[in-house]
Structures are given as C-alpha cells and as structure tokens.
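The values are calculated or read from the model by the stated rules, or taken from the named source; none is laboratory data. Quantities reported herein were computed from a predicted structural model and do not represent experimental measurements. Note: ideal-geometry Cβ built from the backbone for every residue, glycine included; neighbour counts use all protein chains shown.
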C-alpha cells in the first residue's frame, strides 16, 4: 500500500501575510523543503519564492487562474506525469492530495483573487502546521487526507 503525502494548505491574503506565515513556520522548525508557494504571477511572488525558498519559481499556465508562479512538493504531487495541474487546474487536482473538490475550488478562488497559497508537506506535525498557518492569517487552512488527531 502506498501512503499518500500529507499536505496542510492555507491561502494568505497577499505576499506580506504569506511571508509572515512562512517565517513563522520556519522559525518553528519546518524545513524549507517541505514548503510550497503558489500564486498568480507577479514580481512580488517571484521575490518571495527566491528569497524564502532560494530559487526562482516555475511559471505555469493554469486553467481558470492563468499564469501562476509555483514551487514545492505540492506542485509535483498535483502535476504528476499526466500534467493534471496544468489541464485540470488547482480546483480539479487538490483531490490528489486528499482534499475534497470543494476545498480545491475554494483554494483556487482565493488564489485567483490575489491570495498566496502556502502548503506544508509534513505528516507528523500537520496539526502544528495548521495551527501556525491559522495563527498568522492563513485562510481556509486545512489538512488533506490526514488520519491524525488535532
């Protein structure tokens, strides 16, 4: 049996709020390699990815959202070999990591309104990530396919 990766996801209202949330996560010991950033293409998002994650983000054209900048493990999990993220969009692929379709559409809508989606890939500390995302302004924060307890 293959165990799915656990992602905790939230959407921040803008880059400044996302930066505060990410800095809080890393200060609490979450590894940079566990983080994903996805947002509509802008110079501010590019700078956030480069400064926080240390590399330029990938530019992806998504159905409904248009051009986004993204990097991290969530992107790979949603894209897979079939290009699902590109063809089905964020709302159509979040079920691949344990979220309900309506959750995916909420994340897609908030990101489309200028929000910055931040995800943390961490099973053992998913509840900690959820609390940290909520505490620092991450809206609609949720854990996909998590079997732990809060």
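Computed quantities for the displayed model
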{"quantity": "Unmet criterion (only one of (1) modelled with pLDDT under 95; (2) assigned to a helix (DSSP H, G or I)) for residue 82", "calculated": "(2)"}
{"quantity": "Test: residue in region 12-33 that is closer than 26 Å to residue 135 by Cα, touching a strand residue (DSSP E or B) at 6+ places or on another chain (Cβ under 8 Å) and modelled with pLDDT under 95", "calculated": "no"}
{"quantity": "Residue under evaluation residue 70, criteria (1) touching a residue at least 40 places away in the same chain (Cβ under 8 Å); (2) buried (at least 21 other Cβ atoms within 10 Å of the Cβ); (3) out of contact with any helix residue (DSSP H, G or I) (no Cβ under 6 Å at 6 or more places or on another chain), criterion not met", "calculated": "(1)"}
{"quantity": "Neighbours by Cβ (under 9 Å, 6+ apart or cross-chain): first from region 48-61, at negative phi and without any contact (Cβ under 8 Å) to a residue 60 or more places away in the chain; second in a helix (DSSP H, G or I) and surrounded by fewer than 11 Cβ atoms within 10 Å (Cβ to Cβ)", "calculated": "53/33"}
{"quantity": "Condition check for residue 92: in a loop (DSSP other than H, G, I, E, B) and either at positive phi or in contact (Cβ under 8 Å) with a residue 12 or more places away in the chain (or both)", "calculated": "no"}
{"quantity": "Residue satisfying all of: in region 95-123; over 21 Å from residue 45 (Cα atoms) and free of Cβ contacts under 8 Å to residues at least 12 places away in the same chain; surrounded by the most Cβ atoms within 10 Å (Cβ to Cβ) among these", "calculated": "95"}
{"quantity": "Condition met for residue 48 (out of contact with any strand residue (DSSP E or B) (no Cβ under 6 Å at 6 or more places or on another chain), crowded, with 19+ Cβ neighbours inside 10 Å and at pLDDT below 90)", "calculated": "no"}
{"quantity": "Filtered residue count, region 29-67, keeping only those that are within 12 Å of the chain's Cα centre (by Cα) and assigned to a strand (DSSP E or B)", "calculated": "5"}
